[in-house]
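The structure under discussion appears below in the form of structure tokens.
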Amino acid sequence: MFSITTHQQQYTTYVLSDLFAQSQVEVVPERGGILTQWRIQDQELLYLDHERFTHPELTVRGGIPVLFPICGNLPNDTYHYQGKPYTLKQHGFARNLPWQVVDQDSDGVASLTVMLDSSQETLLYYPFEFTLALTYQLMGQTLTVRQHLTNRSEQPMPFVLGFHPYFAAPNKSQLKFGIPAKAFYDHLSQTSRPFDGSFDLTQPEIDVAFKQPSSQSATVSDPSLNRQLTLKYGDPYSTLVFWTVLGKDFYCLEPWTAPRNALNTGEQLITLSSGESFESQFSLTVSLLNPSA
């Protein structure tokens, strides 16, 4: 049995539930269309800095922020289109704007669709008219996020789309990684390095990109919580980013359609023709490492 309810705190929050699986997610459309919480049998799977969340002038650190029309940052927060410079701050503007609820369904699945349209404000930073819709679907222990982006401009529209999940991890030293890559690019040292399946989690910060992973599935196992996370993603997601900070109880494994600064370099950049649409999805599944435990 599935249900969708709402409750009002600082923002209207939509609660999607699978009552049989005892799983639940919360979505806050007004705060960047973000999914803020995901619980299975009362265990919270995501990290959220609740204090930052209450301040609209601050970006959210936690949940699953939406990254559009760029992922990461640009040199001097600047890119050029048709010879003109434009300013875009880190991860773009979608995570900072209010989204609208356009559909919901609790028949066989708990599903909520939210939408962001271009506006006079977004055109100042990104000179394209667009509609971006996200559909959050919860069934059992799997969360699926579907994306549908349409270029409503008369000119071709380059874009990067990504997501920034913050996974709760009180004991990061026990994490085991199944990331389908043999090398990564370190954003901090700006060097490429081999990957043997592990990270030195005693570093102050880790911020790396796995470009063009060899398969469309990655896992992170957490023996301390007896659970494994599986991330599955569609073809357009050419980059996986891993980020964490020492002393914080989270790690991020992020699917991006292109690497950092792609609007300038063109690397793996997707461009939609006028009137064309883009569709993709990714899913997150949580399973027990030891079902009998």
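The values are calculated or read from the model by the stated rules, or taken from the named source; none is laboratory data. Predicted, not measured: the structure shown is a model, and the values here were computed from it. For neighbour counting, all protein chains shown are included, and Cβ atoms are generated from backbone atoms with ideal geometry for every residue, glycine included. The protein model used for the area step is the full one, side chains on, heavy atoms only, and it has no ligands, DNA or RNA in it. Shrake-Rupley method; radii C 1.70, N 1.55, O 1.52, S 1.80 Å.
Summary of computed values
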item	result
Any hit, the range 40-51, residues being modelled with pLDDT of 95 or more, closer than 15 Å to Val145 by Cα and surrounded by 20 or more Cβ atoms within 10 Å (Cβ to Cβ)	no
Test result for Ala21, under 21 Å from Thr144 (Cβ atoms) and crowded, with 19+ Cβ neighbours inside 10 Å	no
The range 179-197 residues that are under 9 Å from Phe210 (Cα atoms) and among the basic types (Lys, Arg), paired with ones that are open to solvent by less than 90 Å² (accessible area, probe 1.4 Å) and at pLDDT below 95 (beta carbon under 9 Å, 6 or more apart)	none
Any hit, the range 179-191, residues being at positive phi and open to solvent by less than 70 Å² (accessible area, probe 1.4 Å)	no
Where a residue in the range 96-108 is closer than 24 Å to Glu57 by Cβ and its partner, wherever it lies, is in a loop (DSSP other than H, G, I, E, B), with Cβ under 6 Å and at least six apart	Asn96/Gly32; Pro98/Glu30; Trp99/Pro29; Trp99/Gly33; Val101/Pro29
Some residue of the range 29-38 being over 23 Å from Glu254 (Cα atoms) and either modelled with pLDDT under 95 or open to solvent by less than 30 Å² (accessible area, probe 1.4 Å) (or both)	no
Condition check for Asp207: part of a loop (DSSP other than H, G, I, E, B), among the acidic types (Asp, Glu) and either at pLDDT 95 or above or more than 23 Å from Pro69 (Cα to Cα) (or both)	no
Cβ pairs under 6 Å, 6+ apart, first in the range 204-215 and in contact (Cβ under 8 Å) with a residue 12 or more places away in the chain, second part of a strand (DSSP E or B) and acidic (Asp, Glu)	Val208/Asp186
Entirely in the range 88-171, the strands (runs of 3 or more DSSP E) that have 1 or more residues that are on the phi < 0 side of the Ramachandran plot, buried (at least 20 other Cβ atoms within 10 Å of the Cβ) and touching a His at 6+ places or on another chain (Cβ under 6 Å)	130-139
The range 64-87, subset in a loop (DSSP other than H, G, I, E, B) and without any contact (Cβ under 8 Å) to a residue 60 or more places away in the chain, residue most open to solvent (accessible area, probe 1.4 Å)	Gln82
Test: residue in the range 242-263 that is on the phi > 0 side of the Ramachandran plot and either touching a residue at least 24 places away in the same chain (Cβ under 8 Å) or among the aliphatic types (A, V, I, L, M) (or both)	yes
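The rows are residues; the columns are (1) open to solvent by less than 30 Å² (accessible area, probe 1.4 Å); (2) assigned to a helix (DSSP H, G or I); (3) β-branched (Val, Ile, Thr); (4) in contact with a helix residue (DSSP H, G or I) (Cβ under 9 Å, 6 or more places away or on another chain).
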{"position": "Ser198", "(1), (2), (3), (4)": "no, no, no, no"}
{"position": "Pro236", "(1), (2), (3), (4)": "no, no, no, no"}
{"position": "Val241", "(1), (2), (3), (4)": "yes, no, yes, no"}
{"position": "Thr244", "(1), (2), (3), (4)": "yes, no, yes, yes"}
{"position": "Arg260", "(1), (2), (3), (4)": "no, no, no, no"}
{"position": "Gly275", "(1), (2), (3), (4)": "no, no, no, no"}
{"position": "Glu279", "(1), (2), (3), (4)": "no, no, no, no"}
{"position": "Ser287", "(1), (2), (3), (4)": "no, no, no, no"}
